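So the structure is just underneath, and the comments pick up after that.
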Amino acid sequence: MYYIGLDIGTSALKTTVIDDSGNIIYENSYGYTILQPKEGWREIDPDVWMQAVMQGLADIVDTFNQKDISVIGVTGQMHTTVFLDENKEPVRNAIMWTDLRTDCMVEKLRKECLQREETKYIAKILSPGSPAVNTLWVKEHEPRSFARIHKIMTPYAYIVYRLTGKSSADYCEASTSSLYDIAAKKWSPYMLHKLGITESFLGPLYASCDVAGTLQQSLCERLQVTHDIRVIAGTGDNPANAVAMGIVNRREPIISLGTSGVVILPKQDMDFEGRGKNVLFNADHTQFVNVVQGTVRAAGGTHKWWVENIIKTDDMAVDQKLISPDRFGKNTILFFPHITGDKLIYHDLSTRGAFIGLSANSRREDMTQAVFEGVGYAIREALENMKLAQWPSRIKINGGGTKSRIWMQILADILHTELEVVTGKATPGYGAALLAAMADGVLKQRSCDQQGEVYTAQDGAVQAYHRQYEKYKRMYSALKQIMQE
């Protein structure tokens, strides 16, 4: 049998098909465009996702015998908020997780939540683009639209609804909404009252492998499918990635080094020590896992900015041959990488990046090295603030940034650990397909995480980078003071 994973990404749908041994046998991608009607606003018509999904499913059905397709798993971006009316039609465009229109609203709501014991945790995770704040914005700025809202959901829950006709939400969706009491495992009465909504707008709650329904008959006819294909509730992209990497039960941290740098650390349920977004994951009702997510908003994106906007080339390897390992930890230039702000450590989306320590002897490759190092320091600070029980002896890493051997060695030295590059296609879509197979009782949790090169921290560089890191940690307060004057 075949199992489908649909990943509703920020800029593209990615489809993955695996067989009943967990092998990837098909992948495809379908791009779409985000709307930016005003400065800082990011929106999309939810039907754009569904159009991509139908094209993706049609291509899969054309490639495989449709009778061998058993279960569909759906994952995707978290926070992006879809608003549906009583007919389950979109009230307005979905507000994206990258949308900044609510930035000025967050601090006031955070202060209100801090005044109540039952919402102090929610105060910690409120951020621009989160469903609670997005909904509050619609309530205050678009009252006519708000009056029509009957359902609020994430992109992947929306696709589950469109495929099955059934509403659903998983524990990941609930715990990242800022509407859910993660300790009591229930929707927050205060937040529901604040927004003027009820639980019926948000549920019902499912474990990720629960079958939400079967493919609707009208869609079966369009796809020429002649049997029931089940659709599970699914989960967000970061828990799905953790499933794909095989770390949910091993409690090992991973780093996803893409445009952003995401640190994912599975912890036991109710372990909320440290910073980071606590994402509840429950595959099959047997065990809650707290998948903690810490994000450096600009990681690979910082390097891309440096290469394309400043050096003015599309060669992402530019200058790297000129960076000598004997310079690791000895660079006189420090770089603060938060060029798009920070929500994890400083809670300051207005902060920006900076180089310091430039001299008449500074070379461009020194600045390129400083960019790699600055992102490394930011990732280390994120890990430290997530309050690990003990510092990991090995960290797995995947994503586009792993193509740079220089960067990987710098990261290993800064993080003073072994850094294992994952070469398999460990993606959220693969995780969703694995969950679909698990729902069919075919596979237990396994991973697609073939080991690539392992980078070992070098003692001399570790000590040198530690001294530089202590300097780096003083940069934010200094820069904040300068920018405020």
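Helices in the chain, meaning DSSP H runs of at least 4 residues, each add -39500 (n - 2.57). Divided by all residues, the mean residue ellipticity at 222 nm is -10000 deg cm²/dmol. Karplus-derived 3J(HN,Hα) values for the stretch 102-116, using 6.51 cos²θ - 1.76 cosθ + 1.60 with θ = phi - 60°, are 9, 3, 6, 8, 5, 4, 4, 5, 4, 4, 4, 5, 5, 7, 10 Hz; glycine and proline are entered as x.
Here the gap between Gln320 and Arg474, fully extended at 0.36 nm per residue and compared with their Cα-Cα distance, gives a gain of 52.7 nm. Check the straight Cα-Cα distances from Lys312 and name the lysines below 24 Å, setting aside those fewer than 8 residues away within the same chain. Straight-distance partners of Lys312: Lys304, Lys321, Lys403.
Excluding ligands, DNA and RNA, the accessible surface per residue across the chain is 41 Å² with a 1.4 Å probe. In this simple spin-label model, placing a label point 7 Å from the Cα along the Cα-to-Cβ direction at both Ser350 and Glu117 gives a separation of 3.5 nm.
Roll a 1.4 angstrom probe over the protein heavy atoms and tell me the percent of accessible area of the chain that is carbon or sulfur. Carbon and sulfur atoms account for 47 percent of the accessible area of the chain.
Separation of the alpha carbons by more than 20 angstrom is noted, of Lys343/Lys480; Lys124/Lys194; Lys108/Lys194; Lys14/Lys277, for Lys14/Lys277.
Dipole magnitude for the chain: about 1120 debye, using +1 per Lys or Arg Cβ and -1 per Asp or Glu Cβ, origin at the Cα centre.
Here the stretch 249-484 is treated with +1 on each Lys and Arg Cβ and -1 on each Asp and Glu Cβ, and its dipole about the Cα centre works out to around 360 debye. The Lys67 and Leu35 beta-carbon pair, evaluated with R₀ = 60 Å, returns a calculated FRET efficiency of approximately 0.95.
Inter-label distance, Ser145 to Lys425: 3.6 nm, where each label sits 7 Å from its Cα along the C-beta direction.
Extension gain, Asn385 to Thr313, is 22.4 nm, computed as 0.36 nm per intervening residue step minus the present C-alpha separation. Given a Förster distance of 22 angstrom, what is the FRET efficiency for Thr286 paired with Ser21, based on the Cβ-Cβ distance and rounded to 0.05? It comes out at approximately 0.40.
Of the residues Gln51, Gln320, Ala207, the one whose Cα sits farthest towards the positive end of the charge dipole of the chain is Gln320 (charges of +1 on Lys and Arg Cβ, -1 on Asp and Glu Cβ, taken about the Cα centre). Per Stokes-Einstein, at 25 °C and 0.890 mPa s, what whole-number D in µm² s⁻¹ belongs to the chain, with the Kirkwood radius over Cα pairs as the hydrodynamic radius? In µm²/s, the coefficient is 106.
The values are calculated or read from the model by the stated rules, or taken from the named source; none is laboratory data. Fair warning: this is a prediction, and the values are worked out from it, not measured in the lab. Backbone-built Cβ (ideal geometry, glycine too); neighbour counts: all protein chains shown. The accessibility values were calculated without ligands, DNA or RNA, using every heavy atom of the protein model including side chains. Shrake-Rupley method; radii C 1.70, N 1.55, O 1.52, S 1.80 Å.
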